[in-house]
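In what follows, a structure is listed as structure tokens, so that the remarks can point back to it.
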Amino acid sequence: MKQVTIYDIAKEAKVSISTVSRVLNDTAPVRGSTRAKIEELIQKYNFQPNAMARSLLSKETGIIGVIVPDLTNPFFPEVFAGAEQEAQQSGHTFLLSNTIGDYAKESEYLSILREKRVDGIIFLGGRINLKNCEEHLVQELVQCASVIPTVLVNGALRGTDLVRVATDESAGTALAVRHLIEMGHTEIGFIGGESHMTTTSIKLRAFRKTMKDEGLKIREGWLLPDSFSIDSGKRQMLKLLAMKERPTAVFCVNDYTAIGAIKAATEAGLTIPDDISIVGFDDIPLANHFIPELTTVSQQAHELGRTAVKVLKAMMNNENVKKLTSLEPQLIVRQSSGSRRG
């Protein structure tokens, strides 16, 4: 059976293709009798315009491209869930690309998204989190953003003015460190994060500033960047525990490293938070279900995704938007932090 097209509907209704398009997309008034005739034919043939036809008519595909670095990290699916909720309100769908931290894959997906003529792009992680991103990777994204509305989430590219939506990680770090200080801790360590990533340098800089502002000594040997994994947290906590002098509290670059740190400490016979307090960052779903429940900083991941889509839709409608939309982090106090003893 021949598939009915918008041209067939227009021909049978004896109207123009643009008139059928106006009825399908409800973008402009159409005479009642004409609308009724078109809607009757749409129902008769169970007509569904495909994405390509829709894009030819409206110059839009209804698709938003999303590039993420690691779908196994629960932070990114949480951001995506918020983005999806917001996009559904305007009928947009997503083309999701998981780069697995590979910059070449980012380039490949950017090319695919341009070929698919997506209406906009949301970009998370990868090159936008590098302290020193290679110039060709910068220019590739800048050029893409010049033809497709693009929003960077929790990242930036130095020397560009690309639109960004981000949680204030510096403020979040200060919240966590001050919480530990208020609990009586003056000897605090820092665990996790790759040194070449901006998220690590932002948090480490904020950690140093908060400690300095509070008049506390920073022990360089207690600052242990590594990576963002549970294994990293375990490794670095074991290093701290092997030291002759060790901190009474530790701030971790994310919840994964905090969970690893807790595992290492408990396996060494310590009690959390009686012997050592541990604070994470991100507030992933596991944070509330781990034992002990993890004190952490929420980046409001769900709202981060929603806000990114709101800003992107404004850009797609040619509205003026701020270059940076910042969200305030929230301290979530649970069981892994407590008053200093002794």
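The values are calculated or read from the model by the stated rules, or taken from the named source; none is laboratory data. All of these numbers come straight from a predicted model, not from anything done at the bench. With ideal geometry, Cβ positions are generated from the backbone for all residues, glycine too; neighbour counts draw on all protein chains shown. Ligands, DNA and RNA are stripped out before the accessible areas are found, and what is left, the full protein with its side chains, is counted by its heavy atoms. Shrake-Rupley method; radii C 1.70, N 1.55, O 1.52, S 1.80 Å.
List of remarks:
- In summary, His196 fulfils each of the numbered conditions (1) open to solvent by 20 Å² or more (accessible area, probe 1.4 Å); (2) free of Cβ contacts under 8 Å to residues at least 60 places away in the same chain with the single exception of condition (2).
- Any hit, the range 303-318, residues being at pLDDT 95 or above, open to solvent by 40 Å² or more (accessible area, probe 1.4 Å) and touching an Asp or Glu at 6+ places or on another chain (Cβ under 7 Å): yes
- Per-region count, the range 211-244, residues hydrophobic (A, V, I, L, M, F, W, C) and open to solvent by 40 Å² or more (accessible area, probe 1.4 Å): 6
- Hits in the range 85-116 (condition: aromatic (Phe, Trp, Tyr) and part of a strand (DSSP E or B)): Phe94
- Entirely in the range 282-336, the strands (runs of 3 or more DSSP E) that have 2 or more residues that are more than 23 Å from Ile230 (Cβ to Cβ) and polar (S, T, N, Q): 324-327
- Condition met for Glu86 (of a type outside the set (A, V, I, L, M, F, W, C), open to solvent by less than 20 Å² (accessible area, probe 1.4 Å) and in contact (Cβ under 8 Å) with a residue 60 or more places away in the chain): yes
- Any hit, the range 62-84, residues being at pLDDT below 90, assigned to a helix (DSSP H, G or I) and either more than 30 Å from Ile9 (Cβ to Cβ) or out of contact with any Lys or Arg (no Cβ under 6 Å at 6 or more places or on another chain) (or both): no
- Those residues of the range 99-111 which are free of Cβ contacts under 8 Å to residues at least 40 places away in the same chain and not basic (Lys, Arg), in sequence order: Thr99, Ile100, Gly101, Asp102, Tyr103, Ala104, Glu106, Ser107, Glu108, Ser111
- Which numbered condition Asp231 fails, given (1) assigned to a loop (DSSP other than H, G, I, E, B); (2) free of Cβ contacts under 8 Å to residues at least 40 places away in the same chain; (3) among the acidic types (Asp, Glu): (1)
- Count of the range 267-281 residues which are part of a loop (DSSP other than H, G, I, E, B) and either open to solvent by 50 Å² or more (accessible area, probe 1.4 Å) or in contact with a helix residue (DSSP H, G or I) (Cβ under 7 Å, 6 or more places away or on another chain) (or both): 9
- Qualifying positions in the range 245-266 - in a helix (DSSP H, G or I), touching a residue at least 40 places away in the same chain (Cβ under 8 Å) and either open to solvent by 10 Å² or more (accessible area, probe 1.4 Å) or hydroxyl-bearing (Ser, Thr, Tyr) (or both): Tyr256, Thr257
- Among the residues of the range 97-137, those identified as crowded, with 17+ Cβ neighbours inside 10 Å and of a type in the set (A, V, I, L, M) are Leu110, Leu113, Val118, Ile121, Ile122, Leu124, Ile128, Leu130, Leu137.
- Here the condition is being closer than 17 Å to Tyr103 by Cα and open to solvent by less than 40 Å² (accessible area, probe 1.4 Å); of Val163, Val177, Val153, Val142, it holds for Val153 alone.
- For the range 19-34, the set of residues classified as surrounded by 14 or more Cβ atoms within 10 Å (Cβ to Cβ) and either of a type in the set (Ser, Thr, Tyr) or at pLDDT 90 or above (or both) consists of Thr19, Ser21, Thr34, listed by residue number.
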